[in-house]
Structures are given as C-alpha cells and as structure tokens.
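> One structure, as structure tokens, below. Some questions next.
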C-alpha cells in the first residue's frame, strides 16, 4: 500500500469546493460497510496536522482572495512579501484549493512552487479534500490536473476525502468526462471499481447525478 502524505489545514468555517447538501445526498446511499476494492490509502488515515501560523480568521486573507479571483500578479507579490502559503482561509482551505476551484492553473503552479509537497498534499479540515479533489470536482483545466499529477503521481489520485471518495468520484459526479478518461488512463488498476464509504463507485455517483456519458465510460473501462 502506498504511503500518502497529507497536511490538515486549520482555519475558519466556510467552503469553497465542498459538496452542496444536494450533492451530499447523492453520496449518502449504499452500505457503509462494503469492503473497498483495490489499493485504498485514506486521506484521513495517519495525516499530519499542521497548525497555521496565524490565528483563525472570519474571512479569507489577501492571498486566498487573490487566488480565488485569478489575480496572479497579486499572488506573486503577496508571496514575495512573505504571505504564508499554507495558511487556511474560509472552509479550512489553502490558497491552492481556491485556485483549483477557480481553474487558475498558473496561480496553482506558483503556489505549489512556493509550498512544495506540503501544499500539494494539503487537505481541508472539513472534508479532507486535496486540491486535486477540488480541480476534479470543479472541472478545472486538464493542464492543472496534469501538473498536479506530474508532481504528486498516483498518490494524489489515490487520495480519499472524509467520505473515502477519490478525485475520480468527484470528477464523475461533476460530469467531468475529460478528467474521468484521463484518470482512468493514469490511475491504478481497477480505479473505476474503488468505492467510497457508502459503497459507491464513481459510476454509481455519476448515475445518481444523471451523468450518462460518464457512466458509459466508467462501465466500459
């Protein structure tokens, strides 16, 4: 079994790439005791916890706002001025989570260059999503997913959030068919058969959300 490194971000309540109540409903059906198929290192198993340098905030700080808005110039200046790249903002998320949610690839690259593996493998405290989860869920450009994979490899595709969902589960739910096909090509053997803590495969989740084209791809894999 692969050993996956994760950092849990501490901050304040809120959400950027978290599931909506309707989305969560699609994940809450099926037996929670079903045995997982294939290699399944869990994102929340043995995670290392890194407490942020700054006190918890009731709002995002400047680097989170800049990353969310896609202001690359501001992000670079804030980093040059000493902004803490691993500090958590709303939803206990890092600036990289916000960049991934917004699909801002160049900002994501700048942040990872500054934060390294600690940032790439950082998970938010609420749902334990990595930036790869956010990118898959919010249909970020494929260039971003490929960049994350180039640095983090299959460890990132094997990452499990609080619901034991992989990035493939989230891409399937969103109907992100390009990401689904790419993950099947680059993920571990039988990746399409991995189930979350509710006993659901990526195809099950796609089907529950009416993503018929994604279901077909997954069932033919």
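> Counting just the residues of the range 202-216 that are touching a residue at least 12 places away in the same chain (Cβ under 8 Å) and in contact with a helix residue (DSSP H, G or I) (Cβ under 6 Å, 6 or more places away or on another chain), which one comes out nearest to residue 149 (Cα to Cα)?
Checking each candidate, the answer is 202.
> Here's a follow-up. Can you find a residue in the range 58-81 that is modelled with pLDDT of 95 or more, assigned to a loop (DSSP other than H, G, I, E, B) and loosely packed, with under 15 Cβ neighbours inside 10 Å?
Yes, because at least one residue in the range 58-81 is modelled with pLDDT of 95 or more, assigned to a loop (DSSP other than H, G, I, E, B) and loosely packed, with under 15 Cβ neighbours inside 10 Å.
> Of these, 126, 146, 164, which one is within 25 Å of residue 215 (Cβ to Cβ) and either assigned to a loop (DSSP other than H, G, I, E, B) or modelled with pLDDT under 95 (or both)? Even if it seems obvious, please write down each step before you answer.
Numbers: 126 fails: within 25 Å of residue 215 (Cβ to Cβ); 146 fails: either assigned to a loop (DSSP other than H, G, I, E, B) or modelled with pLDDT under 95 (or both).
Selected residue: 164, the only one of 126, 146, 164 that is within 25 Å of residue 215 (Cβ to Cβ) and either assigned to a loop (DSSP other than H, G, I, E, B) or modelled with pLDDT under 95 (or both).
> Another question, then. Just need a number here: residues in the range 82-98 that are in a loop (DSSP other than H, G, I, E, B), in contact (Cβ under 8 Å) with a residue 40 or more places away in the chain and touching a helix residue (DSSP H, G or I) at 6+ places or on another chain (Cβ under 7 Å). Don't jump to the end; show me each part of the working.
Restricting attention to the range 82-98, the residues satisfying the condition of being in a loop (DSSP other than H, G, I, E, B) are 82-89, 91-94.
Add one more test, that the residue is in contact (Cβ under 8 Å) with a residue 40 or more places away in the chain, and what stays is 86-89, 91-94.
Applying the additional criterion that residues be touching a helix residue (DSSP H, G or I) at 6+ places or on another chain (Cβ under 7 Å) yields 86, 89, 94.
Counting residues in the range 82-98 that are in a loop (DSSP other than H, G, I, E, B), in contact (Cβ under 8 Å) with a residue 40 or more places away in the chain and touching a helix residue (DSSP H, G or I) at 6+ places or on another chain (Cβ under 7 Å) gives 3.
The values are calculated or read from the model by the stated rules, or taken from the named source; none is laboratory data. Worth saying up front: this structure is predicted, and the values here are computed from it rather than measured. Glycine also receives a Cβ, built like all others from the backbone with ideal geometry; neighbour counts cover every protein chain displayed.
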